[in-house]
1. Output the residues belonging to segment 1-46 that are surrounded by fewer than 13 Cβ atoms within 10 Å (Cβ to Cβ) and modelled with pLDDT of 95 or more.
2. Would it be correct to say that Leu62 is surrounded by 14 or more Cβ atoms within 10 Å (Cβ to Cβ) and modelled with pLDDT of 90 or more?
3. Filter segment 1-35 down to the residues that are assigned to a loop (DSSP other than H, G, I, E, B) and within 18 Å of Arg63 (Cα to Cα) and list them by number.
4. When the residues of segment 105-129 are filtered to those that are in contact with a strand residue (DSSP E or B) (Cβ under 7 Å, 6 or more places away or on another chain) and modelled with pLDDT under 85, which remaining residue is nearest to Asp73 (Cα to Cα)?
5. For the structure I just gave you, tell me whether Tyr132 is surrounded by 20 or more Cβ atoms within 10 Å (Cβ to Cβ), modelled with pLDDT under 95 and touching a strand residue (DSSP E or B) at 6+ places or on another chain (Cβ under 9 Å).
6. Just the residues that are within 30 Å of Glu134 (Cβ to Cβ) and of a type in the set (Gly, Ala, Ser), please, taken from segment 16-53.
Amino acid sequence: MTITAQWVQTFWTKHSRGGPAAALRNAVPAGFPLPALPSGTAHVVRMHEKTGFSPDSSAESLRLLAVDLREVDGRLRVLPHAGSGLPPRKQRPPAVKLAPGEWVRWRLNHRYSSALGLRDWSYWLDTFNIAYGEVPPEVFAGEPTYFVDEQGPVR
């Protein structure tokens, strides 16, 4: 069965933590219409503070997606990788098991510093939109079947 995936990444620094820049960052969509994609690829959309959060999209292999995707008993098991760094995620939600035609939006945020602490903190938000089966191109601009918000405090 077809797996349709979109990975939306938003990157920023402390300059976009408040005021007009934060409003601009918070206004970016969690999902975008899908372009035509080759089989086995995901739609990846990256938005950076330095470009005014303008979306830049590409098609990348599903294997590069930071998500564990497994077909089990006619369902798709979806569990994103939590990554390292902050915020700590001691107890994570269980995997979501999608039936054909269903989709999940899963959000995780991160905070990192340079290895030596010489630069400011950097932040990013990963939004994974994953559908099982054939879906229309505008599906991820709508409401998901399941929503998992794994965002934590990143002060």
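The values are calculated or read from the model by the stated rules, or taken from the named source; none is laboratory data. In this text, all values refer to a predicted model and were calculated from it rather than measured experimentally. Cβ atoms come from the backbone with ideal geometry, glycine included; neighbour counts cover every protein chain shown.
1. Residue satisfying the conditions is Pro35 alone.
2. yes
3. Met1, Thr2, listed by residue number.
4. Looking at the filtered set, the residue picked out is Arg111.
5. Details: surrounded by 20 or more Cβ atoms within 10 Å (Cβ to Cβ): yes; modelled with pLDDT under 95: no; touching a strand residue (DSSP E or B) at 6+ places or on another chain (Cβ under 9 Å): yes.
For Tyr132, the condition - surrounded by 20 or more Cβ atoms within 10 Å (Cβ to Cβ), modelled with pLDDT under 95 and touching a strand residue (DSSP E or B) at 6+ places or on another chain (Cβ under 9 Å) - is not met.
6. Ala30, Gly31, Ala36, Ser39, Gly40, Ala42
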